[in-house]
Each structure stands twice: as structure tokens, then as C-alpha cells.
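Student: Pasting a structure here, questions to come.
The values are calculated or read from the model by the stated rules, or taken from the named source; none is laboratory data. What you see is a predicted model, and the numbers here were worked out from it, not measured in a lab. Ideal geometry is used to build each Cβ from the backbone, glycine not excepted, and the neighbour counts take in all protein chains shown. These area figures cover heavy atoms from the full protein model, side chains too; ligands, DNA and RNA do not enter into them. Shrake-Rupley method; radii C 1.70, N 1.55, O 1.52, S 1.80 Å.
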Amino acid sequence: MAAMVVCLAILSVLFISLVFKLVFDTIHCYILIPRRIKNMMQKQGVRGPKPRRLTGNIIEMVTLTSQSTVNDMDGVHHDVVGRLLPHYVKWSNSYGKRFIYWHGIEPRMCLTEIELIKELMTKHHLVTGKSWLQQQGSKHFTGKGLLMANGQEWYHQRHIAAPAFMGDKLKSYSTHMVECTKHMLQSLLNEVKSGQNEFEIGEYMTRLTADIIARTEFDTSYEKGKQIFHLLTSLQHRCAQASRHLCFPGSRFFPTKYNREIKALKMEVERLLMEIIQSRKDCMEIGRSSSYGSDLLGILLNEMEKERRGGKFKINLELIMDECKTFFFAGHETTALLLTWTVMLLATNPHWQQKVRDEVNKVCDGGVPSLDQLPKLTLVTILCIYI
């Protein structure tokens, strides 16, 4: 009986200590640290909009963006900052070239001074990086991949992946790029022949860039990998929705609709990725190939094999899948957006469109551009630099 009382007393003390620690950590994280950072910045002359408890300036950002995008643009132009990021314009006008605003409980410093940005990116890049909220918001999307890595982890991951994107390596992908582009153009031509005269060109560019990176870096066709892209797109939207509530303590542990859907989507994506990884490993194990390959997936698997033999940087299947998700999605999305914007500008500037078409026909003699001909496409190069 006495022993039971002692055990209950110990458990009670432990429980109370745990509760006190949880309360203290919450107060420290959500009140004391933000207040200390705010005071520290004010002493250095860096100010910004007044934040609300827990949500910071998120509500004001959402309100301003909703107001600026409620109507269609009055024309096509590059001056879209005030439309897409109206809070930056408003706060920079109010607080100067450097100001601080709050994304929930996390401060965000906005810098517009070029020399200061250069110093930050060159001298302090290993001590800066993605914040806790950013990492938690992408935890189930890109995980601990290159996009969300910080410090030495970022340095090592970048060092491992870099050979897959060297100049000579990219040149060897040109055949795949041409094949994928021909396939995309043929699908557009078929739609035109069927009578369709309006297209959502962004979808075609997304399919094109996704097809290229799937073939060149993961040795799989878009048809085989499109399910992964579809799931990753859905997963990104769910993670973006769920991340809005990260400023509330413990929200990531609640069994909400978004959290349940995120877990299910993540499991399905990783199952499909494991099939691709396992097929590569099987080819190696049965002797069909002497290595895992020289593409991105092969480089990652080779690095994991080295780590098993005593490598310094720890890489496992979980990290490989995170890198796959990062490059599968983020690796093609930016290029697809750039191509879409380029096509839109050419469509709204027929004169430039004709000049570029004439140059391509002249240099390439009506055929498919080759690597040797690309440097001769002066106008195309100028267009790319301008965009």
C-alpha cells in the first residue's frame, strides 16, 4: 500500500512537472521570445506593423491580398508586386527599406537593400534558412529535403545533388527535352484539329516540365509518374491550408480534416516513390546494372550506399524520398511558371513573337534546335534575360 502511494506521488509530481514545463515552454515560445525579438529590433531602428497575439500580421496580409485581387488586371504588365504582395508595398512605404512583420509568432525581416542582401546571402547563408513554421508547414510535403534544409545539412544535400545538374549533364538531357516538347506540341495540335481554340497553357507547360524531370532524373515517364504529381499537388494545397493554423499551440497534432488528408496523401506518395526506388535497387541487386545510375535518384542511392560503409553524412530512404518529392514537384513548378509567362508575353506581343519565330526558322533552317545552335539564337536569349 505504501509503495503504491509513493508511486502515485511520483507520477503526480512528474505529471505536474510536465504540465508546468509545457505551460512554460508555450509562454516562452509564444510570448516571451516574440517580445524580446520585437524590443531588440526596435532598439536597432527596425520597426513594422503591430502584430496580433498568435496570428501576428496574417489577417492583415490576407485582407490586403483579397482586396487587391478582387478585380481582374486592367492589362498585361510586369508590375504585379502591388497586386500579389500589397502588404509589402504598404509596409515598405510606411517603415522604409527594412522592416519586420509577423507570420503568426515568427518574425519575418523584409530587406530591399541590395548590398545588405548580398552580404546576408554570401557571408551568413549557413546560419540563415527556413524557419520553424516553414519547416513544419512543409514537413509532410517536402520533408527534410534540400528545399527545407538549413546549415550544414543544406550544404551536404546540395553538394550531393549538384552533379545531377551540371552543364554537361544537362546537355545530355537535350534528347529527352526535345522528345517531351514534341509530344506536348502534338497534343496541342490534336486539340486544335478537334476544334478547340482556347487552352489553359499552364497545364501543358506543367505537363512538359514534369515529363522532362521525371524522365531525366528518375527514369520514369510522365504517364507513370503523373499520379505522383497529382498527389503532390493535392498534398501541397492541404499543407498550405493546414499551415495557416500552425500559430495555434498544438494544432499540428489535432485530428482535423486537413491533417487526416495530409497523412493519407503522404503515405500514398511515399508508396509510389518506394516502387520507383525499389525497381532501381532490384536492377542493381540482380546484376542488370553495375550502379544505381548517374541521374538524381541514382546519385542519392549511391550516396546512401557509401554512408553504410562509413560515410560522414547520414542519408537514408526517408531523406531520399524527401529529395524525390522536392525535385519532383519544386523542380518543375518554377520552370513551368516561367514558360507559361513567356508564352503569355509572346501571345500579347505579336511583333516580338514573329521576330523570334523568324530567328528560330533562320538559325535552325526549319528544323529542331540543336545544342550548337542555341548560342546563335540572340533574340531568344535576350527574351529569356528580360523575363
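Student: Determine which member of the set Leu189, Leu170 is loosely packed, with under 11 Cβ neighbours inside 10 Å and assigned to a helix (DSSP H, G or I).
Tutor: Leu189
Student: Exactly one condition in (1) open to solvent by less than 70 Å² (accessible area, probe 1.4 Å); (2) within 22 Å of Glu113 (Cβ to Cβ); (3) not in a helix (DSSP H, G or I) is false for Gly82; which is it?
Tutor: Only one criterion in (1) open to solvent by less than 70 Å² (accessible area, probe 1.4 Å); (2) within 22 Å of Glu113 (Cβ to Cβ); (3) not in a helix (DSSP H, G or I) is unmet by Gly82, namely (3).
Student: Mind listing just one residue for me: the one in the stretch 142-161 that is hydrophobic (A, V, I, L, M, F, W, C), under 17 Å from the mean Cα position of the chain (by Cα) and open to solvent by less than 70 Å² (accessible area, probe 1.4 Å) and, of those, nearest to Gly293 (Cα to Cα)?
Tutor: Ala161
Student: Could you check, for the stretch 343-354, whether at least one of its residues is closer than 30 Å to Ile228 by Cα, at pLDDT 85 or above, outside the structural domain of Ala210 (by the TED database) and surrounded by 11 or more Cβ atoms within 10 Å (Cβ to Cβ)?
Tutor: The initial filter retains those residues of the stretch 343-354 that are closer than 30 Å to Ile228 by Cα, namely 343-344.
Now restrict to residues that are at pLDDT 85 or above: 343-344.
From what's left, outside the structural domain of Ala210 (by the TED database): 343-344.
With the extra rule that they be surrounded by 11 or more Cβ atoms within 10 Å (Cβ to Cβ), the set shrinks to 343-344.
Yes, the stretch 343-354 contains a residue that is closer than 30 Å to Ile228 by Cα, at pLDDT 85 or above, outside the structural domain of Ala210 (by the TED database) and surrounded by 11 or more Cβ atoms within 10 Å (Cβ to Cβ).
Student: Further question on the same structure: Could you list, in sequence order, all residues of the stretch 105-123 that are in contact (Cβ under 8 Å) with a residue 12 or more places away in the chain and assigned to a helix (DSSP H, G or I)?
Tutor: Leu116 - this is the single residue of the stretch 105-123 that is in contact (Cβ under 8 Å) with a residue 12 or more places away in the chain and assigned to a helix (DSSP H, G or I).
Student: Ok, one more. For Arg309, are the conditions met, namely being among the charged types (D, E, K, R), surrounded by 16 or more Cβ atoms within 10 Å (Cβ to Cβ) and at pLDDT below 80? Lay out the reasoning, then the answer.
Tutor: Values: among the charged types (D, E, K, R): yes; surrounded by 16 or more Cβ atoms within 10 Å (Cβ to Cβ): no; at pLDDT below 80: yes.
So Arg309 does not fit the description; no.
Student: Assuming Ala149 fulfils every condition listed in (1) within 30 Å of Gly45 (Cβ to Cβ); (2) free of Cβ contacts under 8 Å to residues at least 24 places away in the same chain apart from one, which condition is it?
Tutor: (1)
Student: Out of all the residues in the stretch 320-359, which are within 18 Å of Gly137 (Cα to Cα) and among the β-branched types (Val, Ile, Thr)?
Tutor: The answer is Thr326, and nothing else.
Student: Follow-up. If the Cβ limit is 6 Å and pairs must be 6+ apart or interchain, which residue in the stretch 346-371 that is closer than 18 Å to Cys384 by Cβ pairs with which residue that is of a type in the set (Lys, Arg) and part of a helix (DSSP H, G or I)?
Tutor: So the pair list comes out as Val363/Lys376; Leu371/Lys171.
Student: Being within 26 Å of His78 (Cβ to Cβ) and among the charged types (D, E, K, R) narrows it down to one of Asp358, Asp372, so name that one. Explain how you work it out, then say what you get.
Tutor: Numbers: Asp372 fails: within 26 Å of His78 (Cβ to Cβ).
Every option except Asp358 fails the conditions.
Student: Further, regarding this structure: Hey, does the stretch 87-104 have a residue that's assigned by the TED database to the domain that holds Tyr204, among the hydrophobic types (A, V, I, L, M, F, W, C) and either without any contact (Cβ under 8 Å) to a residue 24 or more places away in the chain or farther than 30 Å from Ala210 by Cα (or both)?
Tutor: So in the stretch 87-104, the residues assigned by the TED database to the domain that holds Tyr204 come out as none.
No, because not a single residue in the stretch 87-104 is assigned by the TED database to the domain that holds Tyr204, among the hydrophobic types (A, V, I, L, M, F, W, C) and either without any contact (Cβ under 8 Å) to a residue 24 or more places away in the chain or farther than 30 Å from Ala210 by Cα (or both).
Student: Here's something else I'd like to know. Six or more apart or on different chains, Cβ under 8 Å: which pairs go from a residue in the stretch 170-196 that's over 16 Å from Arg207 (Cβ atoms) to one that's surrounded by 13 or more Cβ atoms within 10 Å (Cβ to Cβ) and of a type outside the set (Asp, Glu)? Could you list them?
Tutor: From residues that are over 16 Å from Arg207 (Cβ atoms), the pairs are Tyr173/Ile212; Tyr173/Thr216.
Student: Using the structure shown, decide if Gln42 is modelled with pLDDT under 90 and either part of a helix (DSSP H, G or I) or open to solvent by 40 Å² or more (accessible area, probe 1.4 Å) (or both). Lay out the reasoning, then the answer.
Tutor: On the way: modelled with pLDDT under 90: yes; either part of a helix (DSSP H, G or I) or open to solvent by 40 Å² or more (accessible area, probe 1.4 Å) (or both): yes.
Yes: the conditions hold for Gln42.
Student: Ok, one more. Would you point out the residue of the stretch 357-384, among those that are within 21 Å of Glu179 (Cα to Cα) and open to solvent by 90 Å² or more (accessible area, probe 1.4 Å), that is farthest from the chain's Cα centre (by Cα)?
Tutor: At the first step, the residues of the stretch 357-384 found to be within 21 Å of Glu179 (Cα to Cα) are 357, 360-361, 363-375, 377, 380.
Now drop any that are not open to solvent by 90 Å² or more (accessible area, probe 1.4 Å), which leaves 357, 365, 372, 375.
On the way: Arg357: 33, Asp365: 39, Asp372: 32, Pro375: 30 Å.
It comes out as Asp365.
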